[in-house]
Amino acid sequence: MFTNILVAIDGSEASDLALKRAVDEAKVWNAKLHAIYVVETGLFTSLPADNTVEIMYRVLETEGNAVLEKAKKAAATSGVALITHMKQGHAGTEIIGLAELEKADLIVAGSHGKSQTDKLLIGSVSTYVTAHSPVTTMVVRS
């Protein structure tokens, strides 16, 4: 039985499927549902520190707010209240940190089905979360 579910979303098809599954689980278990969107600040570490970085961050933050709002409406359509969280940093670390803070007992994340080479070169948030999460983690494939 789950009482507090956290779903990681990024606006992709995989995260849309993860949200749908998380909403279904929240309905089944009558659980609280949280969604997290992480602006990956690690993307900016090799860029010069000028206003370009600030502009890029604001664009990603605006996109994140739109994704969270769309998720909130989708959950409400299914009769589930969604609590949203915007974070910045390393996505995997932020997801696990919020899960601990909110006492989530299930994390739901989408997977793009990357090849082993892609995972090695650019990493995988769902792989990171699965490997480091102290709670049950559900990976939804697209």
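Just so you know, all these numbers are worked out from the coordinates, no wet-lab data involved. What you see is a predicted model; the values in this text were computed from it and never measured. For neighbour counting, all protein chains shown are included, and Cβ atoms are generated from backbone atoms with ideal geometry for every residue, glycine included.
Between E40 and L101, what is 0.36 nm times their sequence separation minus the Cα-Cα distance? Round to one decimal in nm. List each step's numbers first, then the result.
On the way: separation 61, 0.36 × 61 = 21.96 nm, distance 1.95 nm.
Fully extending the segment from E40 to L101 adds 20.0 nm.
Once the Cβ-Cβ distance between A76 and T127 is put in as r, and R0 is 30 Å, what FRET efficiency do you end up with, to the nearest 0.05? Numbers along the way, then the final one.
On the way: r = 31 Å, r/R0 = 1.03.
With a Förster radius of 30 Å, E is 0.45.
Mind checking which aspartates and glutamates have their C-alpha under 17 Å from K70, skipping anything on the same chain fewer than 8 residues away?
D10, E13, D16, D24, E61
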